Each structure stands twice: as C-alpha cells, then as structure tokens.
Amino acid sequence: MSVLELRDVSRWYGNVVAVNGVTMTIGPGVTGLLGPNGAGKSTLIHMMGGFLAPSSGQVTVDGQRIWKNPSVYRHIGLVPERETAYDFLTGRQFVRAMAKLHRLPNPEAAAERALGMVEMTGPADRIIGNYSKGMKQRVKMASALVHDPPVLLLDEPFNGMDPRQRLHLMDLIRKMAAEGRTVLFSSHILEEVERLAHHIEVVIAGRHAASGDFRAIRRLMTDRPHMFVVRSSDDRRLAAALIADPSTRGVELTSGGLEVEAVDFRRFSLVLPQVARQADIRLWEVAPADESLESVFSYLVAS
Amino acid sequence: MNPVIASITFRAMLSRRRILLLFLLPALLLVLSVGLRVSGHADLDNATMLLTQFGLGALLPLLALLAGTGVIGPEIDDGQIMYIMTKPIARPVISTTKYVVAVVLVVAFGVVPMFVAGVIMTGLTAGLATGFAMGALVAGVAYCALFLAIAVLSRFAVTIGLIYALVWENLIARYASGAKTLSIRQWGISVTDMVTNATAVKASVGSSTAVPLLIVVTVAGVVYAGWKLRTLSITGTD
C-alpha cells in the first residue's frame, strides 16, 4: 500500500505556468487524472515520475521525495506516453534488461511473470519495432511491472489504441488495482476515466479543478446548467411556456431557434414535451448546445 | 559501469544507419595508406601527413562526435532514456557507462585503424604508428567526454560539435596560433610527438600544456555529464 502525495506543487517554464498550486493524495486503487489536452497532466506525471523538478511544493511517495532520488524507482513503475521503446530489442530482451537494471534476484523469471501479466508471452521474441501500438503499450506496461511496484503511473495509456486493446488494458489496470496497487493514469477522455477510475482528479489549465469519487463528479457535471437549442413551430409561445416552469432559468429568441438554459436537467427533459403538447406546438429539433468536454470542465472550474 | 546499459547502448549504436560512417571513414584511411604503400610513397613524411590531416583532423573528431553524442543524445530526444532513468541506478553511472561505450567505439573504429594504417605505411619505424595510436587514443578519450557533455546539455549537440571540430580546430586554429592551445587535435599531436622519433611530426603545443588540458577536459566532461543527468528534465507533450 503506497501513497503518492503532491503538496502545493507548481511548475512553471519561464513565464508560463503549467501547474499551479496542486495538492492531491493518491492512494491504492485506480485514480484517473482527467483534463483537456495541455492542462498540465503530463507535467504532473513527469513530476511524479521524477523527470521534472517542481518549481515549488513537494512530490513524495510514502513520504520519500521523488526528485533526484533514484531509489524511489523500487516503488514506482512508469509507462511513458511516447511510443519508442528500444525498437531493436525483442519484447523479452527489453523486459529482461529492465529487470536486470532493477537488480532483481531472478530477472528471467521476473520478466516472464511480467510478460505473462500483460499476455505478451507469445510475441515476446519478436522485435518491438514490429509490434502494433497495443502490443507496444503492453510490453511497456510489462517493463514497468517487472519489479512488482506498488505504484504504477501511466501517461495517456489509451492513446491510439483500438477498442479491443482498450478493453484489454482496462482489465489489466483493474487487475493491478485489485492487487492493492496505487494506479494513476491520465486521460483527456471522460468516458475512459468513467469506466475505469474510482477516484478522479480533474486538472484544467494547470489548476486542480475537482477531486473525488467519480459519481460525485458526474453529478456535478449533470447538475450543471445545460444549454439547449430548440426549434419549433412557434418559438415565441414555447419560450413563454418554458420560462413559466422552474426548470428553466433563461430563454433567448434567436434566428437559429430558442436558446434555453435549463437548471434541472431531468425535470427539463420531462417538462419540454408536455409544455409543447399543451400549447399545441410542434418540436422540430432539441439539441444540447454545450456538451463538449471543455464546457463541462469550465463549469467545474467555476464551481 | 553498468553492463546492461552498455549492451543496450552498443546495440542501439550498431543498429543505426549512421553506423555506416563508422565503417567508411576508417576503411577510407586504410585504402589510402595501402595506396601510398603500393605506389612507393609511404615515407615518414607522407604517412605523417595522412595520419595528421585525415586521421587526427577528420576521422577521429567525426567518429568521436558520432559516438559521443550518439550514445545518449537520441535517447534523450525521443524520451527512451526514461526507461533506464526510472531504475534505482545513480544517474552518473548511466552517463559514465555511455561514455565508456563511446570510447570503445572510437578505439575500435578510429585508434586501431590509425595504428594499422601507420604500420601499413611505415611499419614500426621511429615509433610513428605507435605514436599516432597514442595520440589518437588520448584525443579520442577527450573528444568523447566533450561531445557527451554537449549531448546532455543541448539538443543541437551534433551541430555544436561539428562547429567546434571543423571551424575552431580546422579553420581558426590554423590561422590564430592562440586557438591551437585550445584544440584537442593539437593536444593529440603533442602526445604523438612525445612518443615518436619522427621529425615529421611537429607539435605546436608543448606536452606540459597538452597533457594536463587533456585530463581536465576529459574529467570535466564526464563529471559534468553525470551531474547534468541527475537533474535532466524530460518534459511531456503538453
């Protein structure tokens, strides 16, 4: 059981602030580090992996400082985002070499065990350069698992994977967490995090925007005011009928239809068709106007 | 020294396409020396010219540049070095291992061919072949340390190294005698001059200056690379 801790961590490059005063504690289980591209997820993972000094604050694993302390790598396995991994070696040679670098008592057995965990024993004698993306990701994962670390950091592990590889990796990550490991992975895709992580840390524009149980964050996301564009046979009368109901906070008549701001998503979705039928108005189109991840994120930052 | 890192580095070096250059340059030197020998021009003067101008002046710095930067630069660029850096190994061990690999490559593809070329042309007369082998060895050791340090410091290590070897040592040092004092190539010639009796070899830097400077550059380069690697930052894609 290991705990990663970030205490008031900032990182800036010259005048650009990449990470701003982030404090988080990551314990056993799967934690998803969610944020749009460029939010500072990689910068955070690089600091947790000891590749970047925090400009201020502290990054520790079980109380040990990570920066300039190679001995912490006994407890950390890191899967970098970039694909290149000694393309001229075979999968088996690569994982064995990593086991030897850890000075494990039996590197061959450790390599076989790690390859078995990611189901790469079969293709292990082919060179990495000829692997598919998913196989590369798995062999990188094996190299990070070879010393059986309690902490596993994965930087955008699902990038470029097909759905089948994605499912497989998700199973693997769940298995790692079930064994009591502290697993952190970064992603900019809500759906991936939703399916995998019990705990979510949201980072937006370098700031720690939200933290907690996935359901709580999901509720924050669904309870936020929703914008809809509604086109109907009589927009003006529909607007009057909608604003009379408490589920709607604002209505605007535009040339493209009605822009409705609903504060209670569930109630609004029930009320809208009823109101329309009572007033004998035909609904032509109901479309959410702001379902992009960025708008969800910006709502979270504001709240 | 870490044998696993050394063997991965060797394989990485030998699997790259630029390895061809490692073979081509020494092959050219050997062909030229055989040519001189066969045509009967292989006297001490001509041998010295070939080994100084082509051997110490071109072959050695280019090989050392390829080896010294190649053992670490590309790995830092593409982030592969993360795999060996995320191990409980002191970072200076990583850089020093890579340095040793570079020196071994320079000895195999630079120093040995220079000795063989010397023997082809002049046998062991006047200790010329041995002298150039010694000069090439010490210069190679210093070049590798310098280029390794530059490779850890900058992404443009190959360019910087080329400018040093071609512009500084070849052009500026030819016209400005002061610049010769700060030329690894001249230090190598100075050591060659110490070993050989051939009068054709003329050092422009005394060995009392050259030897300490060789040691300083070598030690400083290796120590700096190790120190710099301890705090090497690898930034992500965002």
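None of the figures in this text is laboratory data; all of them are computed from the coordinates on show. Everything numeric here is computed off the predicted structure, so don't read it as measured data. FYI the Cβ positions are ideal-geometry reconstructions off the backbone, even for glycines, and counts take in every protein chain you see.
Before moving on, here are some points about what is shown:
- Peptide-level mean, for B:83-94, of C-beta atoms on other protein chains within 10 Å: 6
- Whole-Å semi-axes of segment A:24-157's equivalent ellipsoid (Cα gyration tensor): 26, 18, 13
- Beyond 27 Å in Cα-Cα separation lie the following of the pairs A:K140/B:K98; A:K136/B:K228; A:K68/A:K133; A:K68/A:K140: A:K136/B:K228; A:K68/A:K133.
- Shape descriptor for chain A: Rg over Rh equals 1.11 (Cα atoms; Rh from the Kirkwood inverse mean 1/r).
- Each listed q (0.06, 0.08, 0.09, 0.11 Å⁻¹) maps to a log10 I(q)/I(0) for the protein assembly as shown, found by the Debye formula over equal Cα scatterers with no solvent: -0.44, -0.67, -0.78, -0.97.
- Backbone phi angles across segment B:164-180, fed through the Karplus curve with coefficients 6.51, -1.76 and 1.60 (θ = phi - 60°), yield HN-Hα couplings of 4, 5, 7, 7, 5, 6, 8, 9, 5, 5, 6, 9, 9, 5, x, 5, 5 Hz in residue order; Gly and Pro are listed as x.
- Shown for B:I89, A:I66: other C-beta atoms within 10 Å of each C-beta, ranked fewest to most, produce the order B:I89, A:I66.
- The H on the amide N of A:A53, modeled in the peptide plane, is under 5 Å from the matching H of no residue at least 5 residues off or on a different chain.
- Applying 1/(1 + (r/R0)^6) with r as the Cβ-Cβ distance of A:I189 and A:W284 and R0 = 45 angstrom yields a FRET efficiency of 0.90.
- Linear extension gain, A:A178 paired with A:E252, 0.36 nm per residue minus alpha-carbon span: 21.6 nm
- P(r) tail, segment B:122-238: Cα-Cα pairs separated by more than 20 Å, 49% of all pairs.
- The ranking of A:T60, B:T96 from fewest to most other beta carbons within 10 Å of each one's beta carbon is A:T60, B:T96.
- FRET E, pair B:L30, A:I127, Förster distance 45 Å, beta-carbon r, rounded to 0.05: 0.85
- Span from the segment B:74-100 Cα centroid across to the segment A:247-289 one, whole angstrom: 60
- Full extension of the segment from A:N69 to A:Q274, taken as 0.36 nm per residue of separation minus the current Cα-Cα distance, would add 67.4 nm.
- Each eigenvalue of the Cα gyration tensor of segment B:3-231, multiplied by 5 and square-rooted, gives one semi-axis; in descending order these are 31, 19, 14 Å.
- Shape analysis of segment A:34-75 yields a ratio of the Cα radius of gyration to the Kirkwood radius, Rg/Rh, of 1.01.
- GNM flexibility winner over chain A from A:R181, A:R215, A:R138 (Cα, springs under 10 Å): A:R215
- Angle between chain B longest axis and helix B:207-230 axis [Cα atoms, degrees, rounded to 10]: 20
- Counted charge near B:L148, where neighbours are those whose Cβ lies closer than 14 Å (Asp, Glu -1; Lys, Arg +1): +2
- Hull volume per residue, based on the alpha-carbon atoms of segment A:1-101 and their convex hull, is 134 Å³.
- For segment A:163-186 and segment B:42-61, distance of Cα centres in Å: 61
- R0 of 60 Å, Cβ-Cβ distance B:V219-A:D245: FRET efficiency to nearest 0.05: 0.15
- Net charge, A:V251 excluded, C-beta distance under 15 Å - Lys, Arg +1, Asp, Glu -1: -3
- Across peptide B:72-78, the mean count of Cβ atoms from other chains lying within 10 Å of each residue's own Cβ comes to 1.
- Counting every other Cβ atom within 10 Å of each residue's Cβ, B:E75, A:E259 order from fewest to most as A:E259, B:E75.
- Percent RCO, i.e. relative contact order, over chain A, from Cα pairs under 8 Å lying at least 6 residues apart: 20
- Most mobile of B:Y83, B:Y99, B:Y164 in a GNM of chain B (Cα contacts under 10 Å): B:Y83
- Within segment A:266-289, backbone nitrogen closer than 12 Å to the virtual label 7 Å beyond the Cα of A:E259 toward Cβ: A:289
- Of A:G27, A:G50, A:G256, the one that fluctuates the most in a GNM where chain A has Cα springs shorter than 10 Å: A:G256
- Length gained on full extension, A:D213 to A:R237: 4.4 nm, using 0.36 nm per residue less the C-alpha separation.
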